[in-house]
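**Q** Pasting in a structure now, in C-alpha cells, and then I'll have a few things to ask.
Every read-out reported here was derived from the displayed coordinates using simple, explicitly stated rules and does not represent laboratory data. Note that the coordinates shown come from a computational prediction; the quantities given were computed from them, not determined experimentally. Here the Cβ is made from the backbone with ideal geometry for all residues, glycine too, and neighbour counts use every protein chain on show.
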Amino acid sequence: MKDRLTFRDAERKDAPLILQFVKELAEYEKMSDEVVADENAFAYWIFDRQKAEVIFALEDGKEVGFALFFHNFSTFVGRAGIYLEDVFVRPEYRGKGYGKALLKKVAAIAKQRGCGRMEWACLNWNKPSIDFYLSLGAEPMSEWTVYRVAGMTLDQLAE
C-alpha cells in the first residue's frame, strides 16, 4: 500500500472532483437529496475564502479518497483543533488501509500545526465506520448532542 498511496492538496481546478467525492459520500450516507453545494461554492469557500482544506489520497496517481477539514477552537484546551467534516474512500479501494492513512495524514497536520485535538461526527447507523474509529482509539462523545440551525431557521435566528 505505502508504495502506491500518495497524498496531494486540492487546488482550485479540483472543485468538480471535490463535488464528485461529496456526492459519492452523500450517496453512501443515503443523503444524496441534501447536497445543494456546487463547484462554485467549493471554489469560493475553500480556495477564495480559505475556510476549509481538502487533501486527496491517490493510488498510483489516481484520486481514490478525500478528506475535507477546517480549524475549530477549544476554549478548554486553549488551542485550535481540526474538525474533519468528511473522509471518504471509494468502495472499490476500501480494505487497503487508505481510510486509516487519510486519518493519519490529517492527524499529522493537526500535530504539525500544534492543534490540541481532532474531531468528527459519524452517523449512528454507520457501524462499519464506528467500529473502524473505535479501533483507532477514537472516543465517542456520547454526552454531547450536536445542534444545528440552517435555512429559514438560521435566517430567523439571525434577525
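**Q** Using the number of other C-beta atoms within 10 angstrom as an exposure proxy, rank LEU58, LEU154, LEU102 with the fewest first.
**A** So the residues, fewest neighbours to most, are LEU154, LEU58, LEU102.
**Q** What percentages make up the Cα-Cα pair-distance distribution of the chain when the bins are 10 Å wide from 0?
**A** For the chain, the binned pair fractions read 9, 35, 40, 14, 1, 0 percent.
**Q** Separate question: Nothing charged except the Cβ atoms of Lys and Arg (+1) and of Asp and Glu (-1): what's the magnitude of the dipole of the range 5-158 about its Cα centre? Round to the nearest 20 debye.
**A** In debye, rounded to 20, the range 5-158 gives about 620.
**Q** So if each residue of separation counts as 0.36 nm, and I subtract the Cα-Cα distance between GLU39 and PHE7, what length gain in nm does that give?
**A** 9.4 nm
**Q** Related question: Which whole-number percent gives the relative contact order of the chain, counting Cα pairs below 8 Å spaced six or more residues apart?
**A** The value is 17 percent.
**Q** In deg cm²/dmol and to the nearest 500, what is the mean residue ellipticity at 222 nm of the chain if only DSSP H runs of at least 4 residues count, each as -39500 (n - 2.57), divided by the residue total?
**A** Per the formula, -9000 deg cm²/dmol.
**Q** Add +1 for every Lys or Arg and -1 for every Asp or Glu among the other residues with Cβ under 11 Å from the Cβ of ALA10, and state the total.
**A** -2
**Q** Scan the chain and report its longest stretch carrying no trypsin sites (Lys or Arg not before Pro) that are both in a DSSP loop and have at most 16 other Cβ atoms within 10 Å.
**A** Between exposed loop sites, the widest span is 52-93.
**Q** To continue, here is another question. Can you compute the label reach from ALA138? Point 7 Å from Cα along the Cβ direction, backbone N cut-off under 14 Å, restricted to the range 86-121.
**A** From the range 86-121, the list is 86-89, 98-108, 118-121.
**Q** Residue-wise, which Karplus ³J(HN,Hα) couplings in Hz belong to the range 80-88, taking 6.51 cos²θ - 1.76 cosθ + 1.60, θ = phi - 60°, and x for glycine or proline?
**A** Those phi angles translate into 5, x, 10, 9, 8, 6, 9, 9, 8 Hz.
**Q** Report the calculated FRET efficiency for ASN72 and ARG49 (r = Cβ-Cβ distance, R0 = 22 Å), to the nearest 0.05.
**A** In this case the efficiency is close to 0.85.
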